[in-house]
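Read the structure below first, then the notes.
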Amino acid sequence: MCRKLVAVLLLAAMLLMLPLDAWANYPFKDKNFHQPPPGYDNLTYTRTQGAYIDFKLVDPFSVASGNPEGGFCVDFGPTAPYRSTAEYLFAPDHRDARGNLILGDGWGFINPYDRLTPPPNDLATWLDMLEWPKSGGWYNVTDAGAMQGSNAIRNIYYHMPYGTRIVTSPHATGASKTDPILISPGPNYDTINDGQRDIRAADVFPNGQAVYLFNLTKDAAIGLVHRLDTLYPNMGVYYVPEVGYEHKKVAFTADLAVTQLTGGIPGSNDMAPYAAVIENMAPFEAYNALFELYVWPEGDPALTRVASEPVNLPRGSVSTGTPGAVTLAGYFAVPAGRSYKLIAAINARYDAGGSVLGANPGRWAKQPYSPVYNGSVPPGTGAFFEPYYDNNVKSVGFVRALPPPDDGGGSGGEPPVQPGNLAVTRVEYDGSRITGYFRSTFTAPGKVNIRFYKQSRAGSIAYIAGLTNYPVKPNSDFVESVPAFNLGNDIIIASIDYYYSGGIWHEEDYRQDDGKTLEETTYLDNKASTGRVEDPPGPPKKAVTYDIAKGWYWPVYWVKTPRYHTETRRVWRDKWVQVPVYFDTSKPKIKVRLIE
């Protein structure tokens with residue numbers, strides 16, 4: 001018995017005399033194993049911890065506020081466990097008086113290429129879709145809010161470093177508080193030992209997934225031991241605020257809106273053109289959104305639908321806060337001899353039993369928004385209702401007056417486009433895009449070339465952009481636009497099958513789909529410009545008589561041509577209008593009165 005006791009004591013003594021490496025089968029992570037991303041060169045890697053991100057769908061008015069959750073808010077996006085992932089934490093070499101690394105300092109980054117704990121595909125899709133700020137190809141967690149750019153579509157508005165619970169249990173080893181060892185590495189947390197106790201994390205994210213605290217460097221381990229020994233020297237479970245995870249919240253909106261609606265003057269067939277601009281303020285593409293156009297004649301009890309089509313709307317630019325937009329154009333039948341309202345709606349169908357949307361006339365049944373990103377439904381989503389629908393409907397009122405007699409010179413307010421012809425009816429520039437309005441009166445489909453130019457105040461003309469072999473339907477109106485900036489001092493010119501070269505304008509033939517080429521009836525209307533505000537030309541010279549003469553005036557009407565704001569422009573009609581002027585040729589009778 002005595003011999004056995006002596007053997008046990010000798011074995012214990014031998015174990016205590018083993019070198020430190022005999023207790024630690026795993027090395028700590030080298031602080032140079034991960035290099036910090038560009039712009040953070042003064043930091044070194046310390047550990048891998050957690051990142052937790054909430055996605056909130058909010059109304060378009062709340063998204064950019066300091067507290068988006070104060071408005072309409074729905075917890076949205078990928079479901080658990082796809083909101084939590086691991087992040088690399090880099091820290092400056094800040095130490096306390098004893099030389100221990102201060103754990104509270106640091107910047108976190110999600111490495112999408114990490115082989116051990118890459119972010120789940122669902123979460124990575126959302127981060128890309130929301131154009132999450134990156135540094136050196138890594139998602140920047142800590143500084144995301146400061147780097148996000150515009151917050152009109154999404155707003156990374158909440159940042160909170162959270163601590164975690166640490167479990168300690170007795171375990172005597174040859175380690176020390178200044179020379180801890182790694183007992184067990186990862187995969188969610190490392191277990192380290194300070195000579196007296198094992199130390200590891202034992203907490204979960206808000207979605208119930210285990211937190212991360214692993215790949216510790218030796219400095220991080222020493223700092224953790226020192227902090228825990230200072231706060232809680234005894235065994236047990238303790239909350240340590242300096243380690244754990246970063247909690248981020250990002251609000252985003254999905255909002256369709258009819259931002260512009262214009263209607264033209266009807267022709268002799270009582271058909272008038274319309275153009276509606278539809279915007280999609282969202283990180284998604286809106287798939288098969290329902291566009292409908294209505295007229296509401298004065299005195300009628302209900303609206304009459306005159307156009308309906310599904311449209312796919314491009315996603316907005318998240319980082320710049322610019323909505324995706326399309327312009328829809330066509331013709332509608334004008335109520336004969338009556339005033340009326342023209343109403344356009346996107347994802348809202350007229351329904352007498354529906355809801356009132358703001359100050360818009362009628363009642364409307366809200367239609368769901370179908371999101372698409374890169375050809376697929378974003379993970380964790382499906383069709384949903386927008387937080388705000390009041391701007392999904394827009395109306396304009398028209399007072400119907402009797403048209404002037406048709407003298408063969410056109411149809412009133414529309415530019416006179418002759419048969420077999422192409423024309424630019426209008427061109428606009430809003431500071432960021434040039435928009436041209438075009439018309440074809442050819443009876444066969446074909447292809448045209450659309451070009452945009454700028455003309456300096458000195459008169460020089462330079463090409464900006466264009467669309468070649470643009471497909472055109474028979475007897476159609478169409479609208480195209482291109483991005484353009486810093487052209488406020490220039491005159492903008494749009495042309496169709498008409499190009500500028502060598503100081504002169506050159507004509508092109510219309511190319512039908514069957515291979516035939518046709519000359520146009522006239523090329524005088526193949527270009528239009530924003531022009532200068534100037535007086536119209538003088539009236540035509542006509543012979544007059546003394547008793548009956550014809551006066552002339554150039555009729556002016558005002559149209560609203562907004563894009564992202566509303567303004568009014570003076571537009572001159574396409575021809576002079578002749579009006580009779582009658583002179584009184586009768587001889588007056590002279591009466592004489594005596595006045596005292």
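The values are calculated or read from the model by the stated rules, or taken from the named source; none is laboratory data. Quantities reported herein were computed from a predicted structural model and do not represent experimental measurements. Here Cβ is always computed from backbone atoms with ideal geometry, including for glycine, and neighbour counts include all displayed protein chains. To get the accessible areas, we keep the full protein, side chains included, count just its heavy atoms, and leave off ligands, DNA and RNA. Shrake-Rupley method; radii C 1.70, N 1.55, O 1.52, S 1.80 Å.
Before moving on, here are some points about what is shown:
- Matching entry among PHE61, PHE55 (being more than 25 Å from GLY186 (Cα to Cα) and open to solvent by 50 Å² or more (accessible area, probe 1.4 Å)): PHE61
- Scanning region 307-327 for residues that are open to solvent by 20 Å² or more (accessible area, probe 1.4 Å) and in a strand (DSSP E or B) yields ALA307, SER308, GLU309, PRO310, ASN312, SER317, THR322, ALA325, VAL326, THR327.
- Of the residues making up region 74-133, those that are surrounded by 15 or more Cβ atoms within 10 Å (Cβ to Cβ) and acidic (Asp, Glu) are GLU87, ASP105, ASP114, ASP122, ASP128, GLU131.
- Any hit, region 429-436, residues being more than 25 Å from GLY263 (Cβ to Cβ) and in a strand (DSSP E or B): no
- Listed conditions (1) of a type in the set (Phe, Trp, Tyr); (2) open to solvent by 20 Å² or more (accessible area, probe 1.4 Å); (3) closer than 30 Å to PRO323 by Cβ are all met by TYR212, apart from (3).
- Residues (open to solvent by 30 Å² or more (accessible area, probe 1.4 Å) and in contact with a Pro (Cβ under 9 Å, 6 or more places away or on another chain)) located in region 159-184: PRO161, TYR162, GLY174
- Scanning region 330-361 for residues that are open to solvent by less than 20 Å² (accessible area, probe 1.4 Å), among the small types (Gly, Ala, Ser) and in contact (Cβ under 8 Å) with a residue 40 or more places away in the chain yields GLY330, ALA344, ALA345, ALA348.
- Among the residues of region 324-354, just one is within 23 Å of TYR287 (Cα to Cα), of a type in the set (Ser, Thr, Tyr) and touching a Lys or Arg at 6+ places or on another chain (Cβ under 8 Å), namely TYR350.
- Whenever a residue of region 455-480 is closer than 14 Å to ILE496 by Cβ and open to solvent by 70 Å² or more (accessible area, probe 1.4 Å), its partners that are at pLDDT 85 or above and in a strand (DSSP E or B), lying with C-beta atoms within less than 7 angstrom and at least six residues away or across chains, give the pairs THR468/ASN449; ASN469/LYS447; PRO471/LYS447.
- Restricting LEU43, LEU57 to those that are more than 21 Å from THR125 (Cα to Cα) and modelled with pLDDT of 85 or more reduces the list to LEU43.
- Restricting GLY267, GLY195 to those that are modelled with pLDDT of 90 or more and part of a loop (DSSP other than H, G, I, E, B) reduces the list to GLY195.
- Positions within region 265-281 being touching a Gly at 6+ places or on another chain (Cβ under 6 Å), more than 17 Å from SER308 (Cα to Cα) and buried (at least 21 other Cβ atoms within 10 Å of the Cβ), in sequence order: ASN280, MET281
- In region 284-338, the residues that are touching a Gly at 6+ places or on another chain (Cβ under 7 Å) and under 17 Å from ASP270 (Cα atoms): ALA307
- Taken over region 433-453, the criterion of being farther than 20 Å from LEU328 by Cβ and small (Gly, Ala, Ser) is satisfied by ALA444, GLY446.
- Complete set of residues in region 416-436 that are closer than 19 Å to TYR274 by Cα and either at pLDDT 90 or above or open to solvent by less than 20 Å² (accessible area, probe 1.4 Å) (or both): LEU422, ALA423, VAL424, VAL427, GLU428, ILE434, THR435, GLY436
- Selection count where residues are crowded, with 17+ Cβ neighbours inside 10 Å and either within 29 Å of the chain's Cα centre (by Cα) or not in a strand (DSSP E or B) (or both), scope region 492-511: 5
- Failed condition for ILE156, given (1) part of a strand (DSSP E or B); (2) of a type in the set (A, V, I, L, M, F, W, C); (3) surrounded by fewer than 18 Cβ atoms within 10 Å (Cβ to Cβ): (3)
- Annotation note: of THR217, THR230, the sole residue that is open to solvent by 40 Å² or more (accessible area, probe 1.4 Å), out of contact with any helix residue (DSSP H, G or I) (no Cβ under 6 Å at 6 or more places or on another chain), polar (S, T, N, Q) and over 30 Å from SER395 (Cα atoms) is THR230.
- Some residue of region 437-450 being in contact (Cβ under 8 Å) with a residue 12 or more places away in the chain, under 16 Å from TRP505 (Cα atoms) and open to solvent by 20 Å² or more (accessible area, probe 1.4 Å): no
- Pairs meeting the criteria (first residue in region 109-134 and among the acidic types (Asp, Glu), second residue not in a helix (DSSP H, G or I), beta carbons under 6 Å, at least 6 apart or on different chains) are ASP122/PRO78; ASP122/TYR82; ASP122/PRO379; GLU131/VAL318; GLU131/SER319.
- For PRO206, the test of being assigned to a loop (DSSP other than H, G, I, E, B), open to solvent by 60 Å² or more (accessible area, probe 1.4 Å), within 20 Å of TYR45 (Cβ to Cβ) and at pLDDT below 95 is failed.
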